[in-house]
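The values are calculated or read from the model by the stated rules, or taken from the named source; none is laboratory data. Everything quoted here is computed from the prediction, not taken from an experiment. Cβ atoms come from the backbone with ideal geometry, glycine included; neighbour counts cover every protein chain shown. Only protein heavy atoms, including side chains, enter the accessible area calculation; ligands, DNA and RNA are left aside. Shrake-Rupley method; radii C 1.70, N 1.55, O 1.52, S 1.80 Å.
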Amino acid sequence: MAGILAWFWNERFWLPHNVTWADLKNTEEATFPQAEDLYLAFPLAFCIFMVRLIFERFVAKPCAIALNIQANGPQIAQPNAILEKVFTAITKHPDEKRLEGLSKQLDWDVRSIQRWFRQRRNQEKPSTLTRFCESMWRFSFYLYVFTYGVRFLKKTPWLWNTKHCWYNYPYQPLTTDLYYYYIVELSFYWSLMFSQFTDIKRKDFGIMFLHHIVSIFLITFSYVNNMARVGTLVLCLHDSADALLEAAKMANYAKFQKMCDLLFVMFAMVFIITRLGIFPIWVLNTTLFESWEIVGPYPSWWVFNLLLLLIQGLNCFWSYLIVKIACKAVSKGKAGKWNPLHVSKDDRSDIESSSDEEDSEPPGKNLHSATTTNGTSGTNGYLLTGPCSMDD
């Protein structure tokens, strides 16, 4: 085990040339990031999860009820032992051949069987009240952590000149505010890692799972080798759009359509500007080029930048989905049915959709239907994700 640990913590991988772990031990004059500091994230993640349960029960739920958001679930499918067995043991989406076989066995027409499976799938979806409570919790946390990040960073020199992220690196002392910011963000992502298995299931579950893993790895990685200064820039930048998305979702659940559309447009603008504009021009520029000039590359430097590029790839994917939604809204506006800035419930997908959103309404029942499929709800996760920071 000692040999494995010595290999894992190899100084030539983690640190610049001629720097050792002994150089970064805490002294009376300065405190530096230590790997064991991050152990606190696990009990704190549990505490955040418990706070979330209390918040949703005693704060978010009363707010939802005050806005006339009910806990009514979808229509219950007619009890049928044969169809229930197929649904639970074989498939939730029977193909045409199986539908015809069930039609003959039950003496039902195919359309009735399709309706039964749609209703049965919808039974497993959370109520609007549950969705609202989840969004209100995330909105509150994102708003708090983004506000804290802005208040902290505006007092730091590296916000105004990113070269300060690398001056005197890695001998940059750890401040209490920076440690608090890092540990809260890391704890929140750990809580999301576990709660996403019990939260509303969405179509971009796999992408969000990858996003959370990369985010946790990036936060941990940047803390251990004291890239925390540039890490705070990444965190704050990726937190900037999240609260707007959750606010749009809450407005949608409360049926405040105009407010929802406005918030979604604001979210889309902030997301694309920060993720596709500011992040590569400001953050990637300093991690790739300024750090090369001031510090020089070393093995963990390459890994850190590869992870940031992976995050940027996810940002591009989510931005594509947002633009796709906007194009659909504009095209419907030109057809004379919608205002060009109107973003429909289904186009926002999740913004709120869970895994079978396309089945939530029969064809023709909703003017906004038939636009949710093709995975546009991938915007949620992050849109999460999330979410994304180091990010989402």
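Quick look at the values:
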item	result
Hits in the range 41-84 - residues which are farther than 30 Å from residue 215 by Cβ and of a type in the set (A, V, I, L, M)	65, 66, 67, 69, 71, 76, 77, 81, 82, 83
Scan of the range 153-190 for residues that are among the hydrophobic types (A, V, I, L, M, F, W, C) and either part of a helix (DSSP H, G or I) or in contact with a His (Cβ under 7 Å, 6 or more places away or on another chain) (or both), ordered by number	153, 158, 159, 160, 165, 178, 183, 184, 186, 188, 190
Residue match in the range 60-68 (condition: surrounded by fewer than 14 Cβ atoms within 10 Å (Cβ to Cβ), modelled with pLDDT of 90 or more, among the aliphatic types (A, V, I, L, M) and over 27 Å from residue 236 (Cβ atoms))	yes
The one condition in (1) surrounded by fewer than 10 Cβ atoms within 10 Å (Cβ to Cβ); (2) part of a helix (DSSP H, G or I) that residue 56 fails to fulfil	(1)
Odd one out for residue 137 among (1) touching a Phe, Trp or Tyr at 6+ places or on another chain (Cβ under 7 Å); (2) exposed (fewer than 13 other Cβ atoms within 10 Å of the Cβ); (3) closer than 30 Å to residue 175 by Cα	(2)
Options 209, 197, 217, 271; residue that is assigned to a helix (DSSP H, G or I), open to solvent by 20 Å² or more (accessible area, probe 1.4 Å) and out of contact with any Leu (no Cβ under 7 Å at 6 or more places or on another chain)	209
Filter result for the condition that a residue is more than 14 Å from the chain's Cα centre (by Cα), modelled with pLDDT under 95 and under 30 Å from residue 169 (Cβ atoms), over 284, 262, 218, 233	218
Subset tally (residues that are charged (D, E, K, R) and over 30 Å from residue 61 (Cβ atoms)) for the range 71-125	12
So residue 143, is it open to solvent by 50 Å² or more (accessible area, probe 1.4 Å) and among the hydrophobic types (A, V, I, L, M, F, W, C)	yes
Residue 163 vs. criteria closer than 27 Å to residue 284 by Cβ, touching a helix residue (DSSP H, G or I) at 6+ places or on another chain (Cβ under 6 Å) and charged (D, E, K, R)	yes
Scan of the range 108-134 for residues that are open to solvent by less than 30 Å² (accessible area, probe 1.4 Å), over 21 Å from the mean Cα position of the chain (by Cα) and among the aliphatic types (A, V, I, L, M), ordered by number	113
Hits in the range 11-25 (condition: out of contact with any Ser or Thr (no Cβ under 8 Å at 6 or more places or on another chain) and either among the charged types (D, E, K, R) or open to solvent by 20 Å² or more (accessible area, probe 1.4 Å) (or both))	12, 17, 18, 20, 21, 22, 23, 25
Single residue of 263, 276, 309 found to be under 17 Å from residue 221 (Cβ atoms), open to solvent by 10 Å² or more (accessible area, probe 1.4 Å), out of contact with any strand residue (DSSP E or B) (no Cβ under 8 Å at 6 or more places or on another chain) and not polar (S, T, N, Q)	309
Flag if residue 99 is within 30 Å of residue 54 (Cβ to Cβ) and of a type in the set (A, V, I, L, M)	no
Conditions (1) open to solvent by less than 60 Å² (accessible area, probe 1.4 Å); (2) at pLDDT 95 or above; (3) not basic (Lys, Arg); number of the one not met by residue 86	(2)
Looking only at the range 93-107, and only at residues there that are within 17 Å of residue 79 (Cβ to Cβ) and touching a helix residue (DSSP H, G or I) at 6+ places or on another chain (Cβ under 7 Å), the one that is most open to solvent (accessible area, probe 1.4 Å)	105
Residues within the range 241-255 that are modelled with pLDDT of 95 or more and open to solvent by 20 Å² or more (accessible area, probe 1.4 Å), tallied	2
